[in-house]
Amino acid sequence: MRSGPPRGRPLGGQGTAALGEGRATGARRGQPIASPVVGSTTILNWFGAALPFGVLLVLFAETGILLGIVLPGDTLLITAGLWAADTRGHHAHPNITLLVVCAAIGALAGAQVGYLLGKRIGAPLFQRPDSRIFKRRYVDRAEQVFRRYGEGRAVVIARFVPGIRTLMNPLAGILEMPARSFALWQISGGLVWSVGVTLAAYGVGQSIHNLDHYLIPIAVAVAVISLIPVAVELRRARTEEREQREKEKVAQP
């Protein structure tokens, strides 16, 4: 599996200009990606007893189609995992095994569909004016991650970043990331994200009584913990980049 700088066609002409037109209003380095989010508890309550299959559909949409950028993948997994652990609350009580399987299927299948859409449709997929849902700066930021950290690591990192998670998969297709390499990386990252976050929330929920009283702070804590591996990877990548620049300066006559 290759995780170095991508070899795909540059985003020039058909690519960068098409994706990042209007970069003057695009993402600055370090600017977070925020997206309008539909409430996770509202979604889960709507599905009721079919909650695991609802999670599958939501994760498929969030990672597979651009409109899914409004959906709350992280908080959905956390809330569903907590509900699976709490058998006394006034909400659905999904089976944890079925929930984890559905979450994984939705996340992995959605990513593959997003990649295929990017590969088949190309840059026109992102050629649209800014709206309440779609912002060009989301695309700019996703492209920065892809270029900065290499295609493999970018696909994994994107799983944990709202907004970028939706756009990275079609972007990988547009940039002609090899299909086999994308599949391997997205499956690795997708399982860590979907299964790991759900089970972490479930484990926390099992150890706390009166879970309904602490739902919000627990959800926030699990979300922060899930970002720790990403923060470590980003710091390591920046350290490598800084060391490489220093070596290049020393090598210059």
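The values are calculated or read from the model by the stated rules, or taken from the named source; none is laboratory data. Quantities reported herein were computed from a predicted structural model and do not represent experimental measurements. No Cβ is skipped: glycine too gets one built from the backbone with ideal geometry, and neighbour counts run over all protein chains shown.
Pairs meeting the criteria (first residue in segment 192-210 and of a type in the set (A, V, I, L, M, F, W, C), second residue outside any helix (DSSP H, G or I), beta carbons under 8 Å, at least 6 apart or on different chains) are 192/159; 193/159; 193/160.
Filtered by the rule that a residue be under 20 Å from residue 69 (Cα atoms) and among the polar types (S, T, N, Q), segment 147-197 gives 166, 169, 186, 194. Within segment 153-164, residues that are closer than 13 Å to residue 182 by Cα and in contact (Cβ under 8 Å) with a residue 12 or more places away in the chain reach partners that are in a helix (DSSP H, G or I) and polar (S, T, N, Q) with beta carbons closer than 7 Å, at six or more positions or on different chains, in the pairs 155/186; 156/188.
For every residue, the table says whether it meets (1) within 21 Å of residue 76 (Cβ to Cβ); (2) at pLDDT 90 or above.
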position	(1), (2)
162	yes, no
169	yes, yes
176	no, no
185	no, yes
199	yes, yes
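Residues are listed down the side, and each one gets a yes or a no for (1) touching a Lys or Arg at 6+ places or on another chain (Cβ under 8 Å); (2) under 19 Å from residue 150 (Cα atoms); (3) outside any helix (DSSP H, G or I):
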| position | (1), (2), (3) |
| --- | --- |
| 177 | no, yes, yes |
| 182 | no, yes, no |
| 187 | no, yes, no |
| 190 | yes, yes, no |
| 196 | no, no, no |
| 201 | no, no, no |
| 205 | no, no, no |
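Okay, residues lined up against (1) surrounded by 20 or more Cβ atoms within 10 Å (Cβ to Cβ); (2) modelled with pLDDT of 85 or more; (3) under 16 Å from residue 203 (Cα atoms):
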| residue | (1), (2), (3) |
| --- | --- |
| 67 | no, no, no |
| 70 | no, no, no |
| 83 | yes, yes, yes |
| 87 | no, no, yes |
| 90 | no, no, no |
| 110 | yes, yes, no |
| 122 | no, no, no |
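Taken over segment 137-160, the criterion of being in a helix (DSSP H, G or I), of a type in the set (D, E, K, R) and touching a Gly at 6+ places or on another chain (Cβ under 6 Å) is satisfied by 137, 140.
For segment 219-228, the criterion of being in a helix (DSSP H, G or I) and modelled with pLDDT of 70 or more is met by none of the residues.
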